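Report on the following structure.
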Amino acid sequence: MNQAKQKPWVVGITGSSGVVYGLCLVRALAETGREIALTVTDAARIVMREELGLETPPLEQPDFPNALFSKEVLDRVRYFHYKDLLAPISSGSFPTAGMIVMPCSMSSLSQIANGASQNLLERAADVTLKEKRRLVLVPRETPFSAVHLENMLKLSRLGVDIVPANPGFYARPQKIDDLINFVVGKVLDLVGIETELFQRWKGSPETTESGAEAGKAAPR
Ligand SMILES: Cc1cc2nc3c(=O)[nH]c(=O)nc-3n(C[C@H](O)[C@H](O)[C@H](O)COP(=O)(O)O)c2cc1C
């Protein structure tokens with residue numbers, strides 16, 4: 001199948017911890033040949049500097065993503081400034097496969113849950129919701145307050161996929177990349193994009209056909 005002819009995925013990166021998840025997601029989508037419409041908030045740029053030591057051009061500059069991705073990835077990315085409400089992804093008439101906000105701050109999550117679109121990222125999520133397209137949010141906060149949980153429940157009931165950035169450990173991760181790939185892989189899996197980024201649970205080596213381990217829940 002010619003992936004380039006598929007509708008683009010909108011990816012939003014917000015200023016919660018774990019911006020590296022969003023960068024890894026963009027790279028993984030690009031590797032499958034998909035197009036990505038990318039928007040990044042001001043807070044996300046700050047977190048990129050704090051967590052990853054990344055010095056990027058100002059968000060206003062069209063070459064902002066150049067510091068984040070290889071040429072091959074950039075060929076698949078259309079970058080939009082997060083305040084540019086004139087960008088195509090702010091309209092439902094622009095066809096997309098859906099949107100993934102990764103990581104999703106509690107602030108952006110709240111705006112999306114309440115239909116309060118103050119920037120392009122929130123507007124694009126609002127459009128995704130109203131057009132009944134796939135919307136995946138990857139929240140990162142701990143602990144969650146009741147406000148966070150209520151917002152997530154509200155969104156979940158509207159059909160939004162809430163995929164917290166909490167990697168499983170059953171594949172015995174050895175390095176940070178393994179943890180990142182697990183979360184990104186779960187998201188791709190969820191939206192039906194083939195991935196080998198994470199190892200699937202195939203049963204414990206101790207499990208016997210006779211069901212000696214019966215009753216033990218399988219990890220998710
Ligand atoms: C280093 C750093 C880490 C942060 N981590 C989180 C986090 O894990 N979750 C969260 O909801 N907010 C976090 N914040 C706060 C958000 O950046 C802040 O609420 C911001 O207004 C979010 O804006 P945005 O949703 O437009 O990106 C963090 C801020 C900084 C500077």
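Here, each number is a calculation from the coordinates, and none is a lab measurement. None of these values were measured; they are calculated from a predicted model. Every residue, glycine among them, receives a Cβ derived from its backbone with ideal geometry; neighbour counts consider all protein chains shown.
Values as computed for the structure displayed
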item: Sequence ranges 126-134, 96-104, ranked by mean other-Cβ count within 10 angstrom, highest first; result: 96-104, 126-134
item: Which of Met106, Leu135, Thr14, positive extreme of dipole for the stretch 3-190 (C-beta unit charges); result: Leu135
item: Global geometry of the chain, whether rounded, prolate or oblate, following the gyration tensor of its Cα atoms and the 1.5 cut on a/c; result: prolate
item: Phi-based couplings in Hz for the stretch 74-85 (Karplus 6.51, -1.76, 1.60; Gly and Pro marked x); result: 4, 4, 9, 9, 10, 9, 10, 5, 5, 9, 7, 6
item: Leading residue at positive end of dipole, the chain (Cβ point charges), from Pro164, Leu179, Ser70; result: Pro164
item: About the Cα centre, charge dipole magnitude for the chain (Lys/Arg +1, Asp/Glu -1 at Cβ), debye; result: 520 debye
item: Mean Cα-pair separation over length for the stretch 3-190, i.e. relative contact order, pairs under 8 Å, 6 or more apart, %; result: 23 percent
item: Spatially near lysine pairs across the chain, Cα under 30 Å, sequence gap of 8 or more or different chains; result: 29
item: For Gly98, distant residues with modelled amide H under 5 Å away; result: Val10
